[in-house]
Amino acid sequence: MLRWLIGGGREPQGLAEKSPLQTIGEEQTQNPYTELLVLKAHHDIVRFLVQLDDYRFASAGDDGIVVVWNAQTGEKLLELNGHTQKITAIITFPSLESCEEKNQLILTASADRTVIVWDSDTGRQVQRISCFQSTVKCLTVLQRLDVWLSGGNDLCVWNRKLDLLCKTSHLSDTGISALVEIPKNCVVAAVGKELIIFRLVAPTEGSLEWDILEIKHLLDHQDNILSLINVNDLSFVTGSHIGELIIWDALDWTMQAYERHFWDPSPQLDTQQEIKLCQKSNDISIHHFTCDEENVFAAVGRGLYVYNLHMKRVIACQKTAHDSSVLHIARLSNRQLISCSEDGSVRIWELREKQQLAAEPVPTGFFNMWGFGRVNKQASQPVKKQQENATSCSLELIGDLIGHSSSVEMFLYFEDHGLVTCSADHLIILWKNGERESGLRSLRLFQKLEENGDLYLAV
């Protein structure tokens, strides 16, 4: 484990010449992360991080190893060995609130076609499930029903005792790439270009068996779905490889909004030509979402877009937030956004309000709620008088964290312990609030002096 002190932002050589990337000076006054710890334990790409509690997290990746860390000290607590190929999914399965014995489990899926259940406190392998016919690509927990689901070429439902309760038939060779829970005991699964709604049927007096029913297929995407998350209890959002963003009603599964104008194709091109044109650049793929009560934040190609749910329009964007594709984003509580990218950087943004000019056109090319993907000519006219005082926002760069030498796959944020990033360079970096850490070191020093009686001698 290495500890570094970093004084300010620095730019990798060559990035400034390649794109109009927003930069920040050496004095990053609003960036608290001025110290870092480099954690070494993996031997291949580290793709996943999952928080276990207020001070622990687990990492996993292509070496098939799971490592449990202390987020405060960077200490390696446990190493879990059991998979023979790369890990494809990882989640935690918390104990029931009514259960006296709090015993959190870690579930990992691998390309070796197994799922292993681990005790997060001891590292003990609780059970290994090896009855899968294909690689499990996603795992999700339905806490209310106390079951978990595995998604591959089929969808399986399991209980806490690891009994297989029910499963679907073979769905697709493509496999399920993402799963989220929605109301009415339903889940939505992303399978290639389509979404499938499933309903779980729990045992009743009339039937003691669990069942899973295929309710509806949603076929509105024209390319593979890359991202799927819940926006709130009433809606969820999906994003595709060619930049299609769809917001769905979680109760009746209808489209609330559709947008794919992240580029400006020629009107003469048909749909397939448009798709072929877009796939060359990969600059419009929607890799990740995050959201709050007001906004959906989207990682689109190299850029970041903020869509306001109430105003029904994009209120801020950074078309070139990074030099390569943005892989993961997360919102903080203080109107800040963190993003990481294939370019090896982690950047911190602040959403700031700004007064929109009277003659500024309404942004219609992004998340156009009214045109359902078609250009709305009326909306492209200058802003009307009643909109002259409309407030828009900007994403301002306030921090640039350069530490990894390869693609940063994802990150975790701990309010008390800092930021954790993982990368294709096999490393994990724990970014620390320098001012906070300095204060803690001073406090520990005074406590030690007081224990030894040296403090009173010095006085």
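The values are calculated or read from the model by the stated rules, or taken from the named source; none is laboratory data. Quick caveat: nothing in here was measured; it's all calculated off a predicted structure. Here the Cβ is made from the backbone with ideal geometry for all residues, glycine too, and neighbour counts use every protein chain on show. The accessibility values were calculated without ligands, DNA or RNA, using every heavy atom of the protein model including side chains. Shrake-Rupley method; radii C 1.70, N 1.55, O 1.52, S 1.80 Å.
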**Q.** Part-to-part distance (alpha-carbon centres) for the range 221-253 and the range 128-161, which is given in Å
**A.** 22
Q) Heavy-atom accessible area of I106 with all protein chains present, probe 1.4 Å, nearest 10 Å²? A) 0
(Q) Checking the table K86/K167; K167/K312; K76/K167; K86/K193; K86/K184 against a 31 Å threshold on Cα-Cα, which pairs fail? (A) K167/K312; K76/K167; K86/K184
(Q) If you take every residue apart from Y305 with its C-beta less than 12 Å away from the C-beta of Y305, what net charge results, scoring Lys and Arg +1 and Asp and Glu -1? (A) +2
**Q.** Global geometry of the range 285-335, whether rounded, prolate or oblate, following the gyration tensor of its Cα atoms and the 1.5 cut on a/c
**A.** prolate
Q: Multiply the residue separation of K76 and L251 by 0.36 nm, subtract the distance between their alpha-carbon atoms, and state the gained length in nm to one decimal.
A: 58.6 nm
Q | In the range 156-256, trypsin sites (Lys or Arg not before Pro) in a DSSP loop with at most 12 other beta-carbon atoms within 10 Å | A | K161, K184
Q) Where a Cα-Cα gap under 16 Å defines reach, which aspartates and glutamates qualify for K432, not counting those fewer than 8 residues away within the same chain? A) E35, D54, E75, D400, E415, D416
